[in-house]
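See below for the structure under consideration.
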């Protein structure tokens, strides 16, 4: 962590281990919520397992490409995601006329993870990226990393809040519809378990930014 600075070989190794772990757990589907792993590993690994894999980029671009009054789309993501140009490629499949400008924001993940959102240096780093994006004059901007929507409080200081797209909203809708179509949607929520690669206690602290864990007994390091 952060994934956005890892090599392709590292990302493929990590993703493969995670998927094999979920095979042991008999998962019916796995969501790739990370834009970086969706961009770098999905095409190489998607057919290697006995469950369906939902990648965020490939799932949401069909919806984003059809948004009304959006001719110029900005994408802010990690360096690894930007280097693959996956957003541009996927958008072009559905709307070849949409102009896409992809821009890396290498510091943004750490700002969120380290709880430095309101520090002056963090605000400056966010502003610097947006100043570059403004030159493109986009109609909308995709926050193409799970961490970036947590910077909305800073982002809207420099651009209107409705300029920014959180792709996870479209992603959740897409998954729900597909599970319903394939008769796989479970409407009964029974329990939750969290598995992390290391430091469960640290994960509990960091996760409080987006989810309130009730207790720690089922939080496990694997």
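Bear in mind these aren't lab numbers, they're just calculated from the coordinates by the rules spelled out. Quick caveat: nothing in here was measured; it's all calculated off a predicted structure. Here the Cβ positions follow ideal geometry from the backbone for every residue, glycine too, while neighbour counts run over all protein chains shown.
Figures for the structure shown
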| quantity | calculated |
| --- | --- |
| Gap separating the Cα centres of the range 177-196 and the range 102-155, nearest whole Å | 32 |
| Most fluctuating residue given options 29, 77, 105, as computed from a GNM of the chain linking Cα atoms under 10 Å | 29 |
| Gain upon complete extension [residue 27, residue 89; 0.36 nm per residue less C-alpha separation] | 19.4 nm |
| Kirkwood Rh and Cα Rg combined as Rg/Rh, the range 113-205 | 1.08 |
| FRET E, pair residue 137, residue 176, Förster distance 45 Å, beta-carbon r, rounded to 0.05 | 0.85 |
| Theoretical ellipticity at 222 nm over the chain - DSSP helices of four or more residues, -39500 (n - 2.57) apiece, nearest 500 | -13500 deg cm²/dmol |
| Stretchable slack from residue 43 to residue 9, in nm (0.36 nm times residue separation minus alpha-carbon distance) | 10.9 nm |
| Segment residue 99-residue 168, length gained on full extension (0.36 nm per residue, minus Cα span) | 22.7 nm |
| Most mobile of 132, 24, 112 in a GNM of the chain (Cα contacts under 10 Å) | 24 |
| Ellipsoid equivalent to the range 67-165 - semi-axes via the Cα gyration tensor, in Å | 23, 15, 10 |
